[in-house]
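Notes to accompany the following structure.
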Amino acid sequence: MNLAARLLLLVPLVSLVAATLVLIPVPTPVLGPAVGGSLAPAAHAWPVDPHDQRWTPTPESPTAEGYAVPVRRRVTYSVTTRGGISTPLAVFRRQAQETYDDPRGWRTAGVQFRRVPRGGSFTLVLAAANVVESFSSGCSAQWSCRVGRFVIINQERWKHASPAWNAARGSLRDYRHMVVNHETGHWLGRGHASCPAGGGRAPVMMQQSKGTGGCRLNPWPLGWEAAAVRGR
């Protein structure tokens, strides 16, 4: 058989392969909101039990809508420790930054937080319980505290939350969000708040470690708390 005849026999086979390729569907990527001028892959939607009041989404993929408030203030902070620390510092750094980056946090007040190796606008301190009082006589070995530029997180509270929080079946991760937001809120100029009449979500500046007074546990600033910081 000569070459020309062989080529003629291949024509039907090539046509069949081409037709098969045309019929194979090509998946189209699902794109989420535009981030930084480009479309980002949509975040995975995890199922949520609406009856589980302890659940809160993680900030691994904040949406562009969550950052609708433009950055009005950029602050830097450094992380350090005081006393005997058994908590992995890398986990503390990462989870604190997740709290600061979450669009439900003080980011919704237009504040952007960036960690720096040293110095910065304030210092986030992971402190052993027995040294918290060394920052000020107004601090307690039982609770976290804020003194001047120091936002102090009590290691015992970071590791175990508080009796009142646990009794209300709050999650440890939400407690960590709350305590970082609460003490940083003091640094941003906010004082303590109380449960409003009628209940609802507790203000993040309420001392939820001690109880919520009829409100629901809440690790994030309420709208009016964020608005107060935006207006400063």
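Every number here is computed from the coordinates shown, using simple stated rules; none is lab data. Just so we're clear, the structure is a prediction, and the values are computed from it rather than from any experiment. With ideal geometry, Cβ positions are generated from the backbone for all residues, glycine too; neighbour counts draw on all protein chains shown.
Of all residues in segment 132-167, those satisfying the criterion of being surrounded by 16 or more Cβ atoms within 10 Å (Cβ to Cβ), out of contact with any helix residue (DSSP H, G or I) (no Cβ under 8 Å at 6 or more places or on another chain) and aliphatic (A, V, I, L, M) are 132, 147.
Evaluating residue 114 against the criteria (1) of a type outside the set (A, V, I, L, M, F, W, C); (2) within 15 Å of the chain's Cα centre (by Cα); (3) within 22 Å of residue 212 (Cα to Cα); (4) not in a helix (DSSP H, G or I) leaves one unmet condition, (3).
Take segment 180-227 and flag every residue that is charged (D, E, K, R), surrounded by fewer than 16 Cβ atoms within 10 Å (Cβ to Cβ) and either assigned to a loop (DSSP other than H, G, I, E, B) or under 22 Å from the mean Cα position of the chain (by Cα) (or both). Lay out the reasoning, then the answer.
Applying the first criterion (charged (D, E, K, R)) to segment 180-227 yields 183, 190, 201, 210, 216, 225.
Checking which are surrounded by fewer than 16 Cβ atoms within 10 Å (Cβ to Cβ) leaves us with 210, 216.
Hit for segment 180-227 is 216, nothing else.
Residues in segment 150-164: is at least one closer than 18 Å to residue 85 by Cβ, of a type in the set (Phe, Trp, Tyr), part of a loop (DSSP other than H, G, I, E, B) and in contact (Cβ under 8 Å) with a residue 12 or more places away in the chain? No, the conditions are met nowhere in segment 150-164.
Please enumerate the residues belonging to segment 166-197 that are among the polar types (S, T, N, Q) and within 24 Å of residue 230 (Cα to Cα). Lay out the reasoning, then the answer.
As a first pass, look at segment 166-197 and keep what is among the polar types (S, T, N, Q): 166, 171, 181, 184, 194.
181, 184, 194, listed by residue number.
For segment 94-122, how many residues are of a type in the set (A, V, I, L, M, F, W, C), over 15 Å from residue 225 (Cβ atoms) and either surrounded by 18 or more Cβ atoms within 10 Å (Cβ to Cβ) or in contact with a helix residue (DSSP H, G or I) (Cβ under 7 Å, 6 or more places away or on another chain) (or both)? Show your work before the answer.
Taking segment 94-122 and keeping what is of a type in the set (A, V, I, L, M, F, W, C), we get 96, 106, 109, 111, 113, 116, 122.
Retained after the next criterion (residues that are over 15 Å from residue 225 (Cβ atoms)): 96, 113, 116, 122.
Those left that are additionally either surrounded by 18 or more Cβ atoms within 10 Å (Cβ to Cβ) or in contact with a helix residue (DSSP H, G or I) (Cβ under 7 Å, 6 or more places away or on another chain) (or both): 96, 113, 122.
Of the residues in that region, 3 qualify.
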